[in-house]
Amino acid sequence: MYTYSQLLLRNLTLALIFIISISAISLSMLHSMLDSKASQHSKLINVLTNQIATSQNSSKKAADATSIQSIATRLQQVTSYKALIISTETGKQLFNYSNVDSGFSLSITTPKPKNIVIEELDLAIKYQLDFSGEYNLIVGFILATIILSIILVFFATFMSTKRHKTVFNAISNQIKAEFSSINQDNLLAAETSEPHNNILEIPELKQGIIDIKRLIKQQVDNTNILEQEAYVDPLTQLDNRNRFVQFYETQVTQDSPVKFGSLIITRCSELQTINKIHGYKEGDNYISHIAKLLEKALLKYSGGKAFRLNSSDFACFLPNVELKQAEEFSTELSVLFNNYQQTADLDSVAYSGIVHFNKTQSLGELLALADTGVSVAQTKGANAWYSQKDTDILASNSANYGNQNWRQEIDSVLENQRISLLLQPIQPNGRNNKAYSEILARFINSNNDVLPTTSFIAMAEKLDKIVAIDKLIIEKAIQEIMNKNMLDHSFGINISSRSVNDEHFMIWLERKLLREPKVSTRLIFEITEAGLQQNIKASKRLIDMLHRVGSRITVERFGMGLTSFKFFRDLTPDYIKMDGSYTRNIDNDKNNQYFLRLMVDLAHRLGINVLAESVESQEEKHTLEKLFIDGCQGFYIGKPAQL
């Protein structure tokens with residue numbers, strides 16, 4: 001759309017072109033007309049002079065003064081002259097008239113003076129007509145054209161601006177009418193629908209509105225995708241932690257119908273174990289199933305909403321729900337978890353911590369209280385929940401309330417030796433290959449319920465109890481092997497990195513193994529690659545000690561660090577157990593196949609056997625055999641069974 005000044009400039013330019021054109025045409029026509037008029041006047045002069053010549057004596061050829069004056073007078077009576085000169089043929093002037101007051105003239109249109117010879121009277125007449133009237137008329141016409149053009153320019157500019165505003169206001173109103181009816185629900189239908197209530201029948205406008213609708217839909221789709229990535233967990237399709245924080249700020253801390261409520265944090269206790277033993281795909285299935293159970297339990301609670309906070313933690317938000325109802329909800333969850341536990345053959349599924357809230361509490365405080373509740377629940381029975389009612393716990397010296405519960409539970413396990421040992425076989429891939437069975441520990445609480453192993457080990461590390469746990473497992477394993485007379489088999493026992501770097505533990509272990517020489521030669525101690533790298537000197541002393549007493553060593557979770565084979569050549573482990581991330585779907589992963597083949601070749605050159613864990617299918621086992629792996633471990637090979 002043009003602005004007023006732009007329209008004015010454009011119209012003035014057009015008017016100037018029009019005026020110049022009209023003026024040029026008018027002057028050209030005037031020149032032709034005046035020239036024609038001057039030529040026609042010569043005929044009139046011939047007629048007048050012929051009449052005078054006839055009236056004179058035929059014997060007198062030359063005109064006398066009276067005749068010349070008569071000719072001049074009669075000619076001046078007929079028309080106005082700017083100049084009139086009558087002379088003889090020899091050039092002697094007989095009459096000379098010049099009109100100095102002839103007025104305005106245009107030289108470009110003024111005809112040249114005309115010459116006429118009157119032979120009968122021996123005269124020559126030179127004349128130039130006076131066209132001042134015609135000049136004034138044409139100048140007046142041009143001035144009138146200019147004035148009228150200027151008036152029309154301003155009028156046209158004003159009307160064009162007004163018309164443009166009217167048209168664009170109509171277009172704007174039509175566009176507003178079209179887009180005011182668009183919302184998230186009818187956007188798909190509106191994208192291809194014809195504009196309605198048309199104010200202007202403009203095909204381009206209709207198509208433009210349809211194109212804009214299509215563009216809006218594309219932008220909305222892109223926004224939804226970005227929002228999905230930013231606020232929605234891709235695995236469970238639940239809102240993530242970012243949305244959880246936003247939800248709490250908008251629904252609780254600000255003015256809203258939510259005045260109070262309950263927050264339940266649910267922690268999936270077996271995720272790490274499932275990922276390690278069964279693979280990440282099964283871990284994803286486990287998380288997805290728990291999410292569905294949470295959504296199922298929330299159906300009874302109006303406004304209840306579930307969020308996935310991180311890999312293993314979920315949050316359930318129950319607005320305007322008292323603590324007692326939240327405890328009933330958690331009880332229902334426990335029932336669902338127990339059923340899933342039996343179906344999936346798990347030690348546990350998840351534990352929940354409950355906390356009641358109002359508008360005065362911050363989200364960080366609530367999460368800390370609920371997390372403490374989860375820690376306490378993990379010391380109870382399988383899939384238990386705990387309601388954290390003591391909201392002053394964070395401000396007191398009892399801030400480690402959850403830790404204290406774990407400390408008591410771990411001390412109880414150590415004191416009463418409440419530990420159960422399972423055995424998972426490692427199958428050799430050849431007759432001459434050496435393999436063993438790995439001992440897995442499960443910890444029992446006072447109610448004879450299995451505690452979550454991952455959480456138990458993590459809390460034992462945190463509370464500086466892991467060395468004592470390692471001693472308990474070793475003592476229990478040796479005792480079971482001796483009591484059940486299983487000296488014809490070899491057994492793997494895990495040792496934590498903390499124990500590897502503990503000199504007192506090393507002395508204790510050496511004495512223990514020296515006292516049981518028959519068992520010590522049947523034991524293979526498994527230590528993670530990262531644990532060995534923490535203190536190479538201590539690791540070498542431990543490995544040398546184990547070799548002296550006849551035991552062997554396995555470096556497990558191999559491939560997750562940056563260990564060089566010079567390190568293994570110096571430490572001389574007996575086995576390396578490849579991390580499960582290298583063996584999962586090995587039948588379809590050419591890169592991992594190449595890496596494993598290289599590792600097997602180098603390890604065999606150093607006299608080290610290579611094992612693979614997390615083997616879950618016949619295809620994986622067959623591929624590993626072709627890569628000359630010495631042994632395979634996983635649920636496909638054999639599930640953990642009681643020792």
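Please treat every number below as a calculation from the coordinates, not as lab data. Source: prediction; values computed, not measured. Neighbour counts run over all protein chains shown; Cβ positions are idealised from the backbone, glycine included.
Between the listed residues Gln51, Ile629, Ser520, the Cα displaced farthest toward the positive end of the dipole of the chain, a dipole computed from Cβ unit charges relative to the Cα centre, is found at Gln51. In straight-distance terms, cross-link reach from Lys590 covers every one of the lysines whose alpha-carbon lies under 20 Å from its own, apart from those fewer than eight places away in the same chain; here that gives Lys281, Lys577, Lys621, Lys626. Between the amide H of Gly492 and those of Ser437, Glu438, Ile439, Ile524, distances stay under 5 Å, these residues lying 5 or more places away or on another chain, with hydrogens modeled in the peptide plane. Pairs of alpha carbons in the range 216-272 separated by more than 17 Å make up 58% of all such pairs. Normalising by residue count, the range 492-637 has a Cα convex hull of 102 Å³ per residue.
Compute the acute angle (0 to 90°) between the alpha-carbon long axis of helix 453-462 and the principal axis of greatest extent of the alpha-carbon atoms of the chain; round to the nearest 10°. Its long axis makes an angle of about 90 degrees. Normalised radius of gyration (Cα atoms, divided by 2.2 N^0.38 Å) for the range 287-339: 1.08.
Under 14 Å from a point placed 7 Å out from the Cα of Asp589 along the Cα-to-Cβ direction: which residues of the range 277-310 have their backbone N that close? Once the point is set 7 Å along Cα→Cβ of Asp589, 277-282 turn out to lie under 14 Å by backbone N, inside the range 277-310.
Karplus-derived 3J(HN,Hα) values for the range 86-98, using 6.51 cos²θ - 1.76 cosθ + 1.60 with θ = phi - 60°, are 10, 9, 6, 5, 7, x, 7, 6, 10, 8, 9, 10, 9 Hz; glycine and proline are entered as x. Close amide H contacts of Gly261 (hydrogens built in the peptide plane, cut-off under 5 Å, sequence separation of 5 or more or a different chain): Asn320, Val321, Phe357. Its Kirkwood hydrodynamic radius, worked out from the mean inverse distance over all distinct Cα pairs, puts the range 549-618 at 12.7 Å.
In a reduced charge model with +1 at each Lys and Arg Cβ and -1 at each Asp and Glu Cβ, the range 483-560 shows a dipole moment near 200 debye about its Cα centre. Count Lys and Arg as plus one, Asp and Glu as minus one, and take only other residues whose Cβ is under 14 Å from that of Lys537; the net charge is then -2. What the phi angles of the range 424-438 give under the Karplus curve with 6.51, -1.76 and 1.60, with θ = phi - 60°, is a coupling list of 10, x, 10, 8, x, 8, x, 5, 8, 6, 9, 8, 7, 10, 8 Hz, glycine and proline written as x.
Over the Cα atoms of the range 351-496, each weighted equally, I'd like the Debye log10 I(q)/I(0) at q = 0.14, 0.19, 0.21 Å⁻¹, rounded to two decimals. Results for the range 351-496 at q = 0.14, 0.19, 0.21 Å⁻¹ read -0.74, -1.09, -1.24.
For the chain, the C-alpha radius of gyration sits at 2.16 times the compact-globule guess of 2.2 N^0.38 Å, with N the residue count.
In summary, the lysines within cross-link reach of Lys537, defined as a Cα separation below 21 angstrom excluding same-chain residues under 8 places away, comprise Lys566.
Residues in the range 493-498 carry Karplus couplings, in order, of 10, 7, 10, 6, 5, 5 Hz; the curve used is 6.51 cos²θ - 1.76 cosθ + 1.60 with θ = phi - 60°, and Gly or Pro positions show x. In whole Å, what is the distance between the alpha-carbon centres of the range 247-312 and the range 1-34? Between the Cα centre of the range 247-312 and that of the range 1-34, the gap is 80 Å. Each label point was placed 7 Å from the Cα along the Cα-to-Cβ direction; for His489 and Glu619 their separation is 3.2 nm. Annotation: amide H of Asn383 within the under-5 Å range of Val349, Ala350, sequence separation 5 or more or interchain, hydrogens built in the peptide plane. Positive contributions from Lys and Arg (+1) and negative ones from Asp and Glu (-1), summed over other residues with Cβ under 11 Å from the Cβ of Thr79, come out at +2.
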